Amino acid sequence: MLKKNQNIRNVIISSVLAGSLAFSGIAFAFGETAPSGVSIQEFSLLDTASDVVGAADFTPEGNKDGHFKLKLSLAEKKTIKSVVLRSTDAYGKDNYQGVWRTNRVTTGWLLGIVQDKTVTTSSGTTHESEIINPGFRKDVNEPVGEFNGELIFDLYASNNGTIKETQYYVLEIETPEGTIVSKPIKYQKPMIEGSASSTPAPSAPPASTPSPSTPTPKPIPTPTPAPVPAPAEGPTIHVFFEGKELSFPDAQPILKDGSTLVPFRKLFEALGFSVKWVDSERKAVGTKEGLTIELTINSNIAKVNDTGVELVAPAQIINGSTMVPLRFVAENSGYEVSYEKEGDVATIRINEPTQQPKPTPSPTPTPNPTPTPTPKPTPNPAPEPAKESAEPYVVKGYVRDANGNPLAGVSIFADNTLLYDSNILGVTDEEGHYLLELPELATTWRMGGKYTTTYNNKTFNFDLVPDVDQPLAGKTGAVRNFTWKNDSGKIYIYPSFAGFDDSLPEFDMNDLEITLTPVGPLVGGSAGQTIVKHAGPVAGGAGVDSIPIGKYKATARWMPEGHAPIAMQIGVANVSKETYADSVEFDFKQSQYSSAYLGELNVRLKP
């Protein structure tokens, strides 16, 4: 029997007193008593790039999760009955985009919990990760557990298709004494208790409008300082070793806690190490003549030839890839590391030390010294756009693809937030640059754009949002750059149950494995790579999500637990003549109802 994706309906509280929802400090659930000695110190959305949990258990399923961080303070041992994550608006009101839970399986997707525990031994301090909630607790009365002290948790919300960095979220922690609720947060807008960096949500709107017969005096507005724009992501990082750029096909370098982290195997092998992974100790080891470097996951102590060395940032597993600190590994291997940053692109160069030790002079001069080879020219990344400064009543910037290449002919618009349907339009030039002159109005503007490209004789349109998606004041102007990244779509999968009988296990979409092999370059021009994913819930149905747009050959097999894999036949859905075969080639098409791009496939048992 197919487990269908069901619409999530939250419990609606029918009577809400005006002004009862407050955001000074921590808000509590309606009708609840605040549990004493329980305090949410920090709640934040770290990223939407993890794949740790599935819809009902702690198993990756090919869709990206929402990765949240929770710092919780418990003055005494407390039982946590359940933890609930809700999608809301800026006021904390449910917007019905999703509910994630530790139990009560019928009302949401799984909220997986991992506790970070500090362990002190004679060799140093390490961090261990303990999975607290490996799957749904189907009994609503079964607690999550007992906890005490200052706690740090990673929360993973299984992606139901609505996990977005622009979405607001609220966390509820239920104890026997009551429920504590966080302030609404979204990406880069954390809730930090007692800190100026905490971003309070706006006051809830009044329940009713005052009578027009009783005029309300207008309050004197208090000027609000303009927010400091923050980039949605870190810089694009290029790493060069001895003048040759290193490629990282499985995971890109990232900047985290002030350190550049890169995939361990690629870095170690580039520096001439033999590498191995010790699974029982969660340790990466690189060895070459006279040198061994050991990095243990989440440990701040590394070993260089069995000598403990403290790290600025530990090795860690990010999105399934083991990432290690580049500078530490390179410098402890005898190399020099330089770091340069221009705009949103950072360049790291690993080279032999510039000051080589002088050789011991030979008693007999060497008549023909070996000439020093000319180093190969360093490949240049995509040209950097010129730095720009804001100027009054002008908005300007650049549009680039994910590799930093300029995009010409992109439509850019400034949307007036005061007047309806009042836009200023422009187009990027050959360097991807645009400039819009704004009228001298006392208003703010929001930026957007549309990128149109042709692929396989079809026209594709993509909506663009600026890298800093914040409104701008006309009188100050602004620089708003765009990066085209939304070149991915989703594939709906429709199973046929012809041929199923009682001898076969119950069919679960999560057990369906889809393999996608690119046929030619993708829409962005890259070669792409073979993708293997398990199907699961996606927005609007079931299938796979976050697939780079292109033409693919698709195959499928059913892999029920405890049963040998079963090859499936596959076909393109919703075409004039639906046929099945062992594989099928298909293209993406634009949805009739939105700007999203979709693929649609049928699967069935072989007759």
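Thr292 satisfies every condition listed in (1) in contact with a Pro (Cβ under 7 Å, 6 or more places away or on another chain); (2) over 25 Å from Pro190 (Cα atoms) except (1). Condition check for Phe68 on (1) in contact with an Asp or Glu (Cβ under 8 Å, 6 or more places away or on another chain); (2) over 22 Å from Phe147 (Cβ atoms); (3) of a type in the set (Phe, Trp, Tyr): one failure, at (2). Inside segment 320-343, residues that are modelled with pLDDT under 85, of a type outside the set (Ser, Thr, Tyr) and within 17 Å of Thr236 (Cβ to Cβ) make up a count of 4.
Given the condition of a type in the set (D, E, K, R), out of contact with any Asp or Glu (no Cβ under 7 Å at 6 or more places or on another chain) and at pLDDT below 90, answer yes or no: does some residue in segment 300-310 qualify? Yes, there is a match, as at least one residue in segment 300-310 is of a type in the set (D, E, K, R), out of contact with any Asp or Glu (no Cβ under 7 Å at 6 or more places or on another chain) and at pLDDT below 90. Contact annotation: no residue pair with Cβ atoms under 8 Å, 6 or more positions apart or on different chains, pairs a residue in segment 270-283 that is farther than 28 Å from Phe240 by Cβ and in contact (Cβ under 8 Å) with a residue 60 or more places away in the chain with a partner that is open to solvent by 30 Å² or more (accessible area, probe 1.4 Å) and hydrophobic (A, V, I, L, M, F, W, C).
Inside segment 148-181, can you point out the residues that are farther than 30 Å from Gly541 by Cβ and touching a Lys or Arg at 6+ places or on another chain (Cβ under 6 Å)?
So in segment 148-181, the residues farther than 30 Å from Gly541 by Cβ come out as 148-153, 173-181.
Result: Asn148, Ile152, Glu174, Thr175.
Flag not set for Gly92, criterion: crowded, with 18+ Cβ neighbours inside 10 Å, among the small types (Gly, Ala, Ser) and in a strand (DSSP E or B). Evaluation of Asn141 against the conditions (1) open to solvent by less than 40 Å² (accessible area, probe 1.4 Å); (2) modelled with pLDDT of 65 or more shows that the sole unmet condition is (1).
Only a single criterion out of (1) under 28 Å from the mean Cα position of the chain (by Cα); (2) more than 18 Å from Arg349 (Cα to Cα); (3) open to solvent by less than 70 Å² (accessible area, probe 1.4 Å) is not satisfied by Trp277, namely (3).
I'm checking my understanding of the structure. Among residues of segment 439-450 that are open to solvent by less than 30 Å² (accessible area, probe 1.4 Å) and modelled with pLDDT of 90 or more, which one is nearest to Thr417 (Cα to Cα)?
Going through segment 439-450, the residues open to solvent by less than 30 Å² (accessible area, probe 1.4 Å) turn out to be 443, 445, 447-449.
Those left that are additionally modelled with pLDDT of 90 or more: 445, 447-449.
Details: Trp445: 6, Met447: 10, Gly448: 13, Gly449: 16 Å.
Within segment 439-450, the match that is nearest to Thr417 (Cα to Cα) is Trp445.
Name the residues in segment 527-548 that are open to solvent by less than 60 Å² (accessible area, probe 1.4 Å), in a loop (DSSP other than H, G, I, E, B) and over 23 Å from Ser496 (Cα atoms), would you? Result: Gly528, single match. Among the candidates Ala27, Ala22, Ala49, Ala18, the residue that is out of contact with any helix residue (DSSP H, G or I) (no Cβ under 9 Å at 6 or more places or on another chain), under 24 Å from Ile254 (Cα atoms) and either modelled with pLDDT under 80 or surrounded by 13 or more Cβ atoms within 10 Å (Cβ to Cβ) (or both) is uniquely Ala49. Only a single item in (1) of a type outside the set (A, V, I, L, M); (2) more than 30 Å from Ile301 (Cβ to Cβ); (3) assigned to a loop (DSSP other than H, G, I, E, B) is not met by Ser87, and it is number (3).
Within segment 286-309, the residues that satisfy the criterion of being under 28 Å from Asp47 (Cβ atoms) and free of Cβ contacts under 8 Å to residues at least 40 places away in the same chain are Glu294, Leu295, Ile297, Ala302.
Residues of segment 549-588 that are open to solvent by 30 Å² or more (accessible area, probe 1.4 Å), modelled with pLDDT of 90 or more and under 30 Å from Tyr451 (Cα atoms): Lys551, Lys553, Val572, Glu585, Asp587. Condition test on Leu436, is it farther than 30 Å from Val53 by Cα and open to solvent by less than 40 Å² (accessible area, probe 1.4 Å)? Yes: the conditions hold for Leu436.
For segment 141-170, the set of residues classified as closer than 15 Å to Leu111 by Cα, in a strand (DSSP E or B) and not small (Gly, Ala, Ser) consists of Phe153, Asp154, Leu155, Tyr156, Tyr169, Val170, listed by residue number. Scanning segment 310-333 for residues that are surrounded by fewer than 19 Cβ atoms within 10 Å (Cβ to Cβ), closer than 17 Å to Glu269 by Cβ and touching a residue at least 60 places away in the same chain (Cβ under 8 Å) gives Ser321, Ser333.
Scanning segment 104-135 for residues that are modelled with pLDDT of 85 or more and either open to solvent by less than 50 Å² (accessible area, probe 1.4 Å) or acidic (Asp, Glu) (or both) returns Leu110, Leu111, Gly112, Ile113, Val114, Gln115, Asp116, Glu130, Ile132, Asn133, Gly135.
If you take the residues in segment 280-317 that are over 16 Å from Asp250 (Cβ atoms), of a type in the set (Gly, Ala, Ser) and assigned to a strand (DSSP E or B), which one is nearest to the chain's Cα centre (by Cα)? Working first, answer last.
Residues of segment 280-317 over 16 Å from Asp250 (Cβ atoms): 280-283, 285-314.
So of that shortlist, the ones also of a type in the set (Gly, Ala, Ser) come out as 280, 286, 290, 299, 302, 308, 313.
Pick out the ones that are also assigned to a strand (DSSP E or B) and you get 286, 299, 302, 308.
Values: Gly286: 29, Ser299: 24, Ala302: 28, Gly308: 33 Å.
Out of the qualifying residues, it is Ser299.
The values are calculated or read from the model by the stated rules, or taken from the named source; none is laboratory data. If you're wondering where the values come from, they're calculated on a predicted model, not measured in any experiment. Note that we place each Cβ from the backbone using ideal geometry, even for glycine, and neighbour counts take in every protein chain shown. Side chains are part of the model used for accessible areas, which takes the heavy atoms of the whole protein and leaves out ligands, DNA and RNA. Shrake-Rupley method; radii C 1.70, N 1.55, O 1.52, S 1.80 Å.
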